[in-house]
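Engineer: One structure, pasted below without further comment.
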Amino acid sequence: MDEFDLYEDDDINIDDTYLTFSIDLEEYAICVSYVTEIVRMQKIIEMPDVPAYIKGVINLRGKIVPVMDIRKRFNLPSLEYSDRTVIIVLEIEGVLTGIAVDRVNDVTELPAQAIEPPPHFARESETHSLIKGMGKSGEHVYILLDIEPMLQNGKIQSKSADLISY
């Protein structure tokens, strides 16, 4: 058996696989199909006249990637970045975008039966369209983020040659 045989499991559905991360004491999850890589926090070049939750851009191996601070996107208090703060690089429709999070936790399976709609009060919040549902795995409860509206409605739209267009 070579090392790649471990990954040839027909029972694994990538749409059920989520990357979990923390913001404050809460656990969030995003579908791994959007994740291209996780990078350590690095110098972020601030951009003028952008929403407060847009931290700026990073140079990721020659590609300019906009970075969103999830804390600010959800109107949470800012914190100094620590050695555990990372940027999760996501790709949607060929567009790379980074999201800064407090720390990455794990990769977990969340089948459809482990996911419930967001609570009714969440639907009344300003950020309701960003929450896909609530995932349960053992004792953990995850806030599942709907990445596409977060990045598209969040007005981070870049092409490889553009910085950020609004």
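Values quoted throughout were computed directly from the atomic coordinates according to the rules given, and no laboratory measurement underlies them. These numbers come from a predicted model, not from an experiment. Using ideal geometry, Cβ is built from the backbone for each residue, glycine included, and neighbour counts are taken over all protein chains shown.
Engineer: Using the count of nearby Cβ atoms within 10 Å as a rough guide to exposure, how do 146, 102, 24 rank from fewest to most? Please list the in-between numbers first.
Structural biologist: Details: 146 17, 102 21, 24 11.
Fewest-to-most ranking of 146, 102, 24: 24, 146, 102.
Engineer: So, in nm, how far is label residue 47 from label residue 103 when the simple model puts each one 7 Å beyond its Cα toward the Cβ?
Structural biologist: Result: 3.0 nm between the two label points.
Engineer: Sticking with this structure for a sec: Give the calculated FRET efficiency between residue 33 and residue 84 to the nearest 0.05, with a Förster radius of 41 Å applied to their Cβ-Cβ distance.
Structural biologist: After rounding, the FRET efficiency stands at 0.95.
Engineer: Now for a separate question. Counting pairs on different chains as well as pairs 8 or more places apart, how many Lys pairs in region 3-152 have Cα atoms under 26 Å apart?
Structural biologist: Close lysine pairs under the 26 Å cut-off: 9.
Engineer: Something else: I want the antiparallel fraction of DSSP beta bridges within region 3-152, as a percent rounded to 5.
Structural biologist: 90
Engineer: Would you work out if region 3-152 is rounded, prolate or oblate? Take a ≥ b ≥ c from the square roots of the eigenvalues of the alpha-carbon gyration tensor; rounded if a/c is under 1.5, else prolate when a/b is larger than b/c, oblate otherwise.
Structural biologist: It comes out oblate by the Cα gyration axes.
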